[in-house]
Amino acid sequence: MSSLKSVVSLDSKYNFDELQWVIQIRRTLEEELGEDDEFPVSIFSVPKLLRACDPASYIPQQVALGPYHYWRPELYEMQRYKLAAAKRFQKQLQSLKFDNIIDQLTKLEQRIRACHHKFLDFNGETLVWMMAVDASFLLEFLQVFDCAIQDGTKVPKGKSYHNAILRDIVMLENQIPMFVLRKMMEFKFSSLEASDQMLKLKFIGLFKEISPFKMMEEYPTIQVSKSAHLLDFLYHIIVPNILERQDTIEVETQQGDEEKEGNEESNADSSQVKQLFSELWKLLSKLNKGPVNIIKKLLVSRPMKVFVKLPWKIIINLPGIKILKQPLEYFFCSQNEGENESQLDGRILS
């Protein structure tokens, strides 16, 4: 697909080979038919508006991993460290060569392209070598966290560039597909399960180093094969998606009970307020002098009707009303006791 882009690009003389363009279109459709449905996009580009608000949080400052920021001049100086890591990775393969890794990753080229949101303007060989070298660097950088977990030691605090790399490797546009990392690790271990377990140790060690959250000793069960990339794995440690249906039902039931209790309390509070104003109205209806008429008009006004419908807990916390809380509660309690006593006396006499 990168060859398609190179054909579409016009040179200074605006030459365009239409026949070659049609050939590349046909080849691209034949190669990638159905790929997007099978491998959804997982490495997105940050919107320009969001990136402009806080560039340091979304744009790598020290190292570029993957194709999005690979050709930025200020990051390309890290290339010699990447190549050194690739050489060390090759030595660990013993009888195999780095070309064997490239051959395997070449089979995953279309899958690599499919999981990136941006169009990757690279030919297949460039893209595969880029992934292999960057993955070697990332795996070696994470090795220190793996050793810290196995030995039970703390990761030594690095210098400023070390902290900058830590920030860069967890940025959204700086991710390497998980299946590339798994394929690289598979060359070093006898089985895919062993390589996945080692990757998981690396990721958890990194999480302990950079996460601001205090986690329990037992981390949620997350399969490396189910994660799209490193950042996706770290996200699911913080926000696990293992909520069982039974727990959900219990929470919903508890919330429903709380809502019922709240409604009952609200109804009881409203009845107390209505009872208060009913008693006040009985007293005032017996009087008919100047100030009393004003109070009567106030009590039957629209704002007062709304006020009466408010819950009792809200009313007693209003300025000026709060000081009347105890007298009013005493008034209602004594009145309720009197009504209960009269009902009890009536039953005894009957």
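The values are calculated or read from the model by the stated rules, or taken from the named source; none is laboratory data. Because the structure is predicted, anything quoted here is derived from the model rather than measured. Glycine also receives a Cβ, built like all others from the backbone with ideal geometry; neighbour counts cover every protein chain displayed. Keep in mind that these areas ignore ligands, DNA and RNA; they rest on the heavy atoms of the full protein, side chains included. Shrake-Rupley method; radii C 1.70, N 1.55, O 1.52, S 1.80 Å.
General observations
- Selection of first residues in segment 17-32 that are closer than 17 Å to LEU108 by Cα and of second residues that are basic (Lys, Arg) and at pLDDT 75 or above, restricted to Cβ pairs under 9 Å at least 6 apart or on distinct chains, gives the following pairs, ordered by first then second residue: GLU32/ARG113.
- In segment 87-100, the count of residues that are at pLDDT below 90 and under 19 Å from GLN175 (Cβ atoms) is zero.
- Qualifying residue in segment 133-152 (condition: among the aromatic types (Phe, Trp, Tyr), closer than 24 Å to PHE207 by Cβ and at pLDDT below 95): yes
- The residues listed here are SER191, SER227; of these, the one that is of a type in the set (Gly, Ala, Ser), more than 15 Å from LEU138 (Cα to Cα) and modelled with pLDDT under 85 is SER191.
- Residue ID - least open to solvent (accessible area, probe 1.4 Å), chosen from residues in segment 176-234 that are touching a residue at least 24 places away in the same chain (Cβ under 8 Å), assigned to a loop (DSSP other than H, G, I, E, B) and among the aromatic types (Phe, Trp, Tyr): PHE187
- Within segment 30-39, the presence of at least one residue that is modelled with pLDDT under 90, of a type in the set (A, V, I, L, M, F, W, C), over 21 Å from LEU231 (Cα atoms) and open to solvent by 40 Å² or more (accessible area, probe 1.4 Å) is confirmed.
- Residues satisfying the stated conditions in segment 49-73, i.e. open to solvent by 70 Å² or more (accessible area, probe 1.4 Å) and touching a helix residue (DSSP H, G or I) at 6+ places or on another chain (Cβ under 6 Å): GLN61
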